[in-house]
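Here is the structure we will look at, set down as structure tokens.
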Amino acid sequence: MIAIVDYGVGNLFSLASSFAAIGAEATVTGDAGILRTASHVVLPGVGAFGDARKKLSLRGLDAVLCRIVEEGKPLLGICLGMQLLFARSSEFGTHEGLGLLPGEITDMAPRLPGGLKTPQIGWNALHLVRPEHPLLKYTKEGDFVYFVHSYSAVGCGDALLAETEYGIPVTAAAGRANVMGCQFHPEKSGDAGLSILRAFLEL
Amino acid sequence: MITKRIIPCLDVRDGRVVKGVRFQGLGDVSDPVSLARHYSEGGADELVFYDITASAEGRKLFTDVLRETAANVFIPLTVGGGIAGLADFARVLESGADKVSVNSGAIADPRIIGEAARRYGSQCVVLSVDAARAGDGWHVFAKGGRVDTGMDALEWIRRGIGEGAGELVLNSIDTDGVKRGFDLPMLQAVCAFAAVPVIASGGAGSAADFVRLFREVPGVDAGLAASIFHFGEVTIRGLKEELAAAGIHVRL
């Protein structure tokens, strides 16, 4: 059973539906006990980093997620859920993340060449930095996925799995051991997105 | 590089698509779920559903349709029509919408934009503006384009972005339904200052109109249309191939 972490941010209906579409059973839950019995855990999220981080800790879910990772279960963060896996973010002040992936989250705007808008909203192509990574098993160079974000991960080192080009190279996916994250929305990226969810399920 | 988006728009009343849809090979042409799936498979980058229902019963049918679409179609869904407050945002977001567009509701009470942006994030709040030429500029129209508010469109858009709208749908009343191309002067005027994505709407009659749109107003991020796609005059795939041939970056 896949558990989608419900901590009061965003609409999880599409995400649960996308797992159903690839034949998997997904439960949306904020219950630590259920999360710990899941085979795979997905951390979604939209909105602001600080607010989401606070909601996670208020529910005690930050510690639960760290324990799940220690136990070796696959964890996939999506969009803001991915950003929460890093050490810190500078969105509206400095906030500590879960520190499960190397690097940090910074505003894209000052890094972008002129004329590019933030948020980046729309479909952009993936450049696979680590095509052999199991999360990218069914993903091809140049596959299009759907992004909505103003902040992005920098300094991921060897955890960088895929990038996209938005005037500058932008981290699209990152992973280390059983912890992975996608900046884009696989549940909104058509077949290319469902392929990534399928690869995650097979971990 | 990020691609230009092509967005078909479906008007839904009492759970059915209105504006006759004429497709070969699509059984029930007024079923929003089949049509949404058809467009998604054809390469649409996003879908917009406008709820033009007046009754509470119709509204319930709309959220049912939305839910079924979101369970079957995995591209972004924007929902508009009858959004007057945070309760409406919650209702459609819980039923699978990714973004919510506000129009008359925001004119009646502009605070709705900021309240929704704070609760759901700016990326979720789309300001939809119906505007028509008035003297040297453009006026904002309310109630589906029927009522001239007298408000300057550029000023209203500036305010909406300031309040927290994360995207803009600009529908030109002058070009809507005429099928002779988008309202390029109005789009140019908005793109000159808008720091959020701009979606052009109203006037598409051919693939060439989209080529002209993206060439002449490079700041436009997406083109939205309804009847041109519904009547099968232009397929999404065919349109995107023409755009690509013209050097415009699209997802194929």
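The values are calculated or read from the model by the stated rules, or taken from the named source; none is laboratory data. Not measured: the values here are computed from a predicted model. Here the Cβ positions follow ideal geometry from the backbone for every residue, glycine too, while neighbour counts run over all protein chains shown.
Residues in region B:213-226: is at least one surrounded by fewer than 20 Cβ atoms within 10 Å (Cβ to Cβ) and assigned to a helix (DSSP H, G or I)? Walk me through how you get there before you give the answer.
Just the residues of region B:213-226 that are surrounded by fewer than 20 Cβ atoms within 10 Å (Cβ to Cβ), to begin with: B:215-216, B:218-219.
Subsequent filtering for residues that are assigned to a helix (DSSP H, G or I) retains B:215-216.
Within region B:213-226, one or more residues are surrounded by fewer than 20 Cβ atoms within 10 Å (Cβ to Cβ) and assigned to a helix (DSSP H, G or I).
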Search region A:19-52 for residues being more than 12 Å from every other protein chain (Cβ to nearest Cβ) and part of a helix (DSSP H, G or I), and hand back the single one that is nearest to residue B:166 (Cα to Cα).
-> A:50
For residue B:145, all conditions in the list (1) over 27 Å from residue A:45 (Cβ atoms); (2) touching a Pro at 6+ places or on another chain (Cβ under 9 Å) hold save one; what is the number of the exception?
-> (2)
Long-range neighbours under 7 Å by Cβ, at least six apart or interchain, first residue farther than 18 Å from residue A:104 by Cα and without any contact (Cβ under 8 Å) to a residue 24 or more places away in the chain within region A:135-158, second of a type in the set (S, T, N, Q) and assigned to a helix (DSSP H, G or I) = none
Within region A:183-203, is even one residue in a strand (DSSP E or B) and either modelled with pLDDT under 95 or surrounded by 24 or more Cβ atoms within 10 Å (Cβ to Cβ) (or both)?
-> no
Name the pairs whose Cβ atoms lie under 9 Å apart, with the first residue in region B:215-230 and more than 13 Å from chain A (Cβ to nearest Cβ), the second assigned to a loop (DSSP other than H, G, I, E, B) and among the acidic types (Asp, Glu), and 6 or more positions between them or separate chains?
-> B:224/B:46; B:227/B:233
Taking into account only those residues within region A:159-169 that are assigned to a loop (DSSP other than H, G, I, E, B) and either touching a helix residue (DSSP H, G or I) at 6+ places or on another chain (Cβ under 9 Å) or free of Cβ contacts under 8 Å to residues at least 40 places away in the same chain (or both), which is farthest from the other protein chains (Cβ to nearest Cβ)?
-> A:168
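Here is a list: B:79, B:102. Which entry is crowded, with 21+ Cβ neighbours inside 10 Å, closer than 28 Å to residue B:153 by Cα, more than 14 Å from chain A (Cβ to nearest Cβ) and not basic (Lys, Arg)? Outline the logic, then answer.
Numbers: B:79 fails: more than 14 Å from chain A (Cβ to nearest Cβ).
When all the criteria are applied, what remains is B:102.
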Could you give every pair whose Cβ atoms fall below 8 Å, whose first residue belongs to region B:115-130 and is under 13 Å from residue B:85 (Cα atoms) and within 9 Å of another protein chain (Cβ to nearest Cβ), and whose second residue is assigned to a helix (DSSP H, G or I) and of a type outside the set (A, V, I, L, M, F, W, C), counting only separations of at least 6 or pairs across chains?
-> none
Of those in region A:1-41 that are farther than 23 Å from residue A:189 by Cα and aliphatic (A, V, I, L, M), the residue surrounded by the fewest Cβ atoms within 10 Å (Cβ to Cβ) is A:34
How many residues are crowded, with 18+ Cβ neighbours inside 10 Å and without any contact (Cβ under 8 Å) to a residue 12 or more places away in the chain when one looks only at region B:41-67?
-> 0
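In region A:120-157, which residues are more than 14 Å from chain B (Cβ to nearest Cβ), surrounded by fewer than 20 Cβ atoms within 10 Å (Cβ to Cβ) and assigned to a strand (DSSP E or B)?
Residues of region A:120-157 that are more than 14 Å from chain B (Cβ to nearest Cβ), as a first pass: A:128-139, A:141, A:153-157.
Now drop any that are not surrounded by fewer than 20 Cβ atoms within 10 Å (Cβ to Cβ), which leaves A:128-134, A:137-138, A:141, A:154-155, A:157.
Within region A:120-157, A:128, A:154 qualify.
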Single residue of region B:159-198 satisfying the filter (under 12 Å from residue B:130 (Cα atoms) and within 14 Å of another protein chain (Cβ to nearest Cβ)) that is surrounded by the fewest Cβ atoms within 10 Å (Cβ to Cβ) | B:168
Does any residue of region A:73-84 turn out to be crowded, with 22+ Cβ neighbours inside 10 Å, farther than 21 Å from residue A:120 by Cβ and modelled with pLDDT under 95?
-> no
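Tell me, please, whether a residue that is touching a His at 6+ places or on another chain (Cβ under 8 Å), in a loop (DSSP other than H, G, I, E, B) and within 14 Å of chain B (Cβ to nearest Cβ) can be found in region A:99-117. Can you show your working first?
Filtering region A:99-117 for residues touching a His at 6+ places or on another chain (Cβ under 8 Å) gives A:108.
In the following step, the residues that additionally are in a loop (DSSP other than H, G, I, E, B) were identified as A:108.
Narrowing further to those that are within 14 Å of chain B (Cβ to nearest Cβ): A:108.
Yes, there is a match, as at least one residue in region A:99-117 is touching a His at 6+ places or on another chain (Cβ under 8 Å), in a loop (DSSP other than H, G, I, E, B) and within 14 Å of chain B (Cβ to nearest Cβ).
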Quickly run through region B:70-113 and pick out the residues that are in a helix (DSSP H, G or I) and of a type in the set (Phe, Trp, Tyr).
-> B:89
Which of the residues spanning region B:106-124 are at pLDDT below 95, buried (at least 21 other Cβ atoms within 10 Å of the Cβ) and at negative phi?
-> B:116, B:120, B:122, B:123, B:124
Matching residues, region B:1-19, being within 14 Å of another protein chain (Cβ to nearest Cβ) and surrounded by fewer than 21 Cβ atoms within 10 Å (Cβ to Cβ) = B:1
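State all residues of region B:99-128 that are of a type in the set (D, E, K, R) and within 13 Å of the chain's Cα centre (by Cα); if no residue qualifies, say none.
Filtering region B:99-128 down to residues of a type in the set (D, E, K, R) leaves B:99, B:109, B:111, B:115, B:118-119.
B:99, the sole residue that qualifies.
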Report, ordered by the first and then the second residue, all pairs with beta carbons closer than 8 Å, sequence separation of six or more or different chains, a first member in region A:58-76 that is closer than 22 Å to residue A:172 by Cβ, and a second member that is β-branched (Val, Ile, Thr) and in a helix (DSSP H, G or I).
-> A:75/A:68; A:75/A:69
Kindly provide the set of residues from region A:160-203 that are under 21 Å from residue A:49 (Cα atoms) and of a type in the set (Gly, Ala, Ser), ordered by number.
-> A:172, A:173, A:174, A:175, A:181
Here are some conditions: (1) modelled with pLDDT of 95 or more; (2) of a type in the set (A, V, I, L, M); (3) not in a helix (DSSP H, G or I). Residue B:243 meets all but one. Which one does it not meet?
-> (3)
Cross-chain or 6+ apart pairs with Cβ under 7 Å, region A:181-201 first and more than 8 Å from chain B (Cβ to nearest Cβ), then among the charged types (D, E, K, R) | A:192/A:143; A:199/A:137
